[in-house]
Amino acid sequence: MMIGVDKSNGKAISMQKAGKPAVITVILLAAFLLLLLSSHLLHEYHGGITVDERAEWYNVQYHLARGIGFLKGADTSGVPASYYGIVNTIFPYLVSFKLGLPIRDYYRLTHIFSVACAIGTACLLWWTSRICQFRNRWLASAMLLGSPAFFGYSLMNIKDVPIAFFYTLFTCTLLWCHRYLSRFSVRRLTYGTIIASVITASFASLRLTLLPVALTTFVFAIYFSIPVDTKYSPPGLGMRNRRRLLLLAYSSALYALLTFLVAALLLPAAWENPPSFFVNAFHTFRDYTIWNGCTLYRGECTSKHLTKGWTTANYLLQWGLSQPTLLNIFN
């Protein structure tokens, strides 16, 4: 049972009125957990291992082989290049490797992590609803259940769900920064930038084509979070905005640098030559050459090899519109 404040008239909300959203929240979260359980049981019934589990099993091995080989000065040219990140699978892999578990048990561990990320996303949305001071806090759970990201196979996908979790954590952090910077200082701006960059590196390392979206989101969010200093700035909106733009440039440069460094650290295959790895990975994901495939968009199979005039803008637009997950909706 919750007690809140009605922002329209400043009066306290009664226990009876506050109880209804709480009941709806419990019902929605129970339905969400039921979906998680149902999806997991369906996977078990149909064999329990899909293409992604096997691919991620070898993906971790390739990254570790390249990273360890680089540290030892060994020749790793014979190890296949892998551009998917390993944040979502490294710990399940290490546990299964240490205990000598078969790939089927590794699969179970990776999906336990995905379930934790899905539940964590629901908690993040709940937390954000409190940051935004929504009167009906059950809207957070409704947004989660209403997203296609958590239906069907994607509900248990060991890549998609962690990306959704980290990206939602990123957007929640930006909302927190907006409130945190209301009492502005350069120290607070630096602190918020460091947190946002570390979180960005977590999901960007899984799919590097998210970097432009994250950077654009960060720049807009921080620009509107830095208050205009009317007390110490000379008269005139231009002079006041000049200080804001300088602070934004400082924050954006620090954010881009830290994101690059942390993402490179999380990608062992990139240690030998991070800039080259990032460029190749971005082009591979953008052009759909990683599996010689395409994306279904408006009834057509589109990719660099199948679509005339293919650009990064085409990829970001089609990926965003064909997969309207929490990454886009909550952004």
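Are any of the residues in the range 201-208 surrounded by 17 or more Cβ atoms within 10 Å (Cβ to Cβ) and of a type in the set (K, R)?
Checked against the condition, which is being surrounded by 17 or more Cβ atoms within 10 Å (Cβ to Cβ) and of a type in the set (K, R), the range 201-208 yields at least one hit.
Rundown of residues vs (1) at pLDDT 80 or above; (2) assigned to a helix (DSSP H, G or I); (3) charged (D, E, K, R); (4) closer than 30 Å to I27 by Cα, yes/no style:
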{"residue": "I68", "(1), (2), (3), (4)": "yes, yes, no, no"}
{"residue": "A81", "(1), (2), (3), (4)": "yes, no, no, no"}
{"residue": "I86", "(1), (2), (3), (4)": "yes, no, no, no"}
{"residue": "A116", "(1), (2), (3), (4)": "yes, yes, no, yes"}
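Might you let me know whether the range 47-63 holds any residue that is crowded, with 17+ Cβ neighbours inside 10 Å and at pLDDT below 80?
yes
Just the residues that are at pLDDT 75 or above and of a type in the set (G, A, S), please, taken from the range 122-172.
Within the range 122-172, A122, A164 meet the criteria.
The values are calculated or read from the model by the stated rules, or taken from the named source; none is laboratory data. Just so it is clear, the structure is predicted and the values come from calculations on it, not from any experiment. Neighbour counts are summed over all protein chains in view; Cβ atoms, including those assigned to glycine, are modelled from backbone coordinates with ideal geometry.
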